[in-house]
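Comments concern the structure below.
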């Protein structure tokens with residue numbers, strides 16, 4: 001038997017190199033992430049419920065979105081349909097509401113609540129009212145629409161129960177309801193027109209939030225412009241999540257921008 005020695009030498013050389021590589025890999029640290037021991041017992045598995053389809057064929061998973069037949073005593077659920085546009089039309093065309101709103105106002109929001117909670121009473125326990133689904137089914141429910149009258153610089157509440165409409169100017173001193181969507185849009189639009197920042201913010205994203213003197217009284221001076229008014233803090237940024245580049249304080253009560261400019265700090 002004749003052995004081809006050159007080939008044999010090459011085979012032995014390659015075999016040694018590969019063996020050395022594999023032996024060396026066992027000592028290489030692949031990751032610095034600390035290793036955790038495996039759990040003593042495997043996690044519990046949730047059984048997948050199957051059903052036979054009515055048209056025949058193999059079993060299939062039960063549709064989790066399909067309604068289930070619940071047993072036992074179930075809570076009473078009250079469903080109230082709300083057409084906000086129609087409610088606003090009813091409220092804003094009412095003579096008494098027009099007087100309280102004045103010529104300039106902004107819509108805040110609407111809600112359903114118990115009839116005896118619709119009128120605001122100073123010192124009431126309204127905040128502790130039960131949720132709609134927890135109330136008795138015989139509870140009389142009404143719609144309450146909240147506005148802010150820039151003419152009168154006051155929040156205004158309108159209660160609608162069928163064809164009955166009642167209106168109330170909020171009795172709480174310097175009370176400021178949360179900013180409404182329309183107010184945010186109005187504040188951003190006014191800020192975009194301000195000559196101090198107009199050229200820089202036209203293509204930026206606008207944001208706005210209420211600055212309430214009652215909540216931020218330590219940062220306001222009683223004779224400062226805008227004190228006690230409906231004032232929004234408006235900012236502009238490259239993206240909805242990025243840092244603000246420009247700002248403006250917009251007084252909706254008087255319909256003017258109090259001040260505007262470039263945000264301090266790194267841009």
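Based only on the alpha carbon positions, what is the Kirkwood hydrodynamic radius of the range 181-262, in angstrom? The partial results should precede the final answer.
Details: mean 1/r = 0.0783 Å⁻¹.
Evaluated over the range 181-262, this radius sits at 12.8 Å.
Highest first, please rank the peptides 35-44, 182-191 by the mean number of other Cβ atoms sitting within 10 Å of their residues. Walk me through the intermediate numbers first.
On the way: 35-44: 6.1, 182-191: 19.1.
So the peptides 35-44, 182-191, ranked by packing, come out 182-191, 35-44.
For the range 181-262, what's the relative contact order in percent, using C-alpha pairs closer than 8 Å and at least 6 residues apart?
On the way: 143 pairs, mean separation 25.1, N = 82.
Once divided by the residue count of the range 181-262, the mean separation gives 31 percent.
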Next on the checklist: Can you sort 148, 105, 175 from fewest to most other Cβ atoms within 10 Å of each residue's own Cβ?
Outcome noted: 175, 105, 148
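Between residue 259 and residue 181, what FRET efficiency follows from the Cβ-Cβ distance if R0 is 35 Å, with the result rounded to 0.05?
Details: r = 24 Å, r/R0 = 0.69.
Efficiency for this residue pair is about 0.90.
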Checklist entry - Using the count of nearby Cβ atoms within 10 Å as a rough guide to exposure, how do 146, 166 rank from fewest to most? => result 166, 146
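At 0.36 nm per residue, and after removing the present C-alpha to C-alpha distance, how many nm does the segment from residue 141 to residue 44 gain when stretched out fully?
Stretched out fully, the residue 141 to residue 44 stretch lengthens by 30.3 nm.
Read-outs throughout are calculated quantities, based only on the coordinates presented, and are distinct from any laboratory measurement. Computed from a predicted model, the values in this text were never measured in an experiment. Methodologically, a virtual Cβ is constructed for each residue, glycine included, from the backbone with ideal geometry; neighbour enumeration extends over all protein chains shown.
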